[in-house]
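Here is the structure we will look at.
The values are calculated or read from the model by the stated rules, or taken from the named source; none is laboratory data. Nothing here was measured: the structure is a model prediction, and the numbers come from that model. In this analysis, Cβ positions are derived from the backbone assuming ideal geometry, glycine residues included, and neighbour counts consider all displayed protein chains.
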Amino acid sequence: MTDTGKMQAQPKRILCPRCPLYNRARRRCTIGKVNPRTKLDTYETARLLGVRALCPFNPYRERLLHSK
């Protein structure tokens, strides 16, 4: 919640098939990134693989980058 008492909107996510970096024929990211669906999965992936493994379009990636 913000100071005004309103809930913050969830960050927008670009789904892989709509991403310009996604190869539909191979069903893979062309730059080898992962885009976990949940915040918890994003944090766990960053813990195991590092923040660099996360998709640049993941809505939680920036928070992880700034928290280090």
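When both residues are 6+ apart or on different chains and their Cβ atoms are under 7 Å apart, which pairs have a first residue that lies in region 43-68 and is within 18 Å of T30 (Cβ to Cβ), and a second that is of a type in the set (A, V, I, L, M) and in a loop (DSSP other than H, G, I, E, B)?
Qualifying pairs under 7 Å: F57/I14.
Please verify whether E62 is surrounded by 12 or more Cβ atoms within 10 Å (Cβ to Cβ), of a type in the set (D, E) and modelled with pLDDT of 95 or more, treating the condition exactly as stated.
Taking the combined requirement at face value, the residue does not satisfy it.
Out of the residues in region 20-59 that are among the hydroxyl-bearing types (S, T, Y) and touching a Pro at 6+ places or on another chain (Cβ under 7 Å), which is surrounded by the most Cβ atoms within 10 Å (Cβ to Cβ)?
The qualifying residue surrounded by the most Cβ atoms within 10 Å (Cβ to Cβ) is T42.
So which residues in region 43-68 are over 18 Å from I14 (Cβ atoms) and either of a type in the set (F, W, Y) or part of a loop (DSSP other than H, G, I, E, B) (or both), if there are any at all?
Correct list: Y43, G50, K68.
Report yes if some residue within region 4-16 is at pLDDT 85 or above and outside any loop (DSSP other than H, G, I, E, B); otherwise report no.
Scanning region 4-16 turns up at least one residue that is at pLDDT 85 or above and outside any loop (DSSP other than H, G, I, E, B).
Return the pairs, sorted by first residue and then second, in which the second residue is in a loop (DSSP other than H, G, I, E, B) and among the charged types (D, E, K, R), the first residue lies in region 11-37 and is closer than 12 Å to F57 by Cα, the beta carbons are less than 8 Å apart, and the residues are 6+ apart or on different chains.
Cβ pairs passing all conditions: L21/K33; N35/R13.
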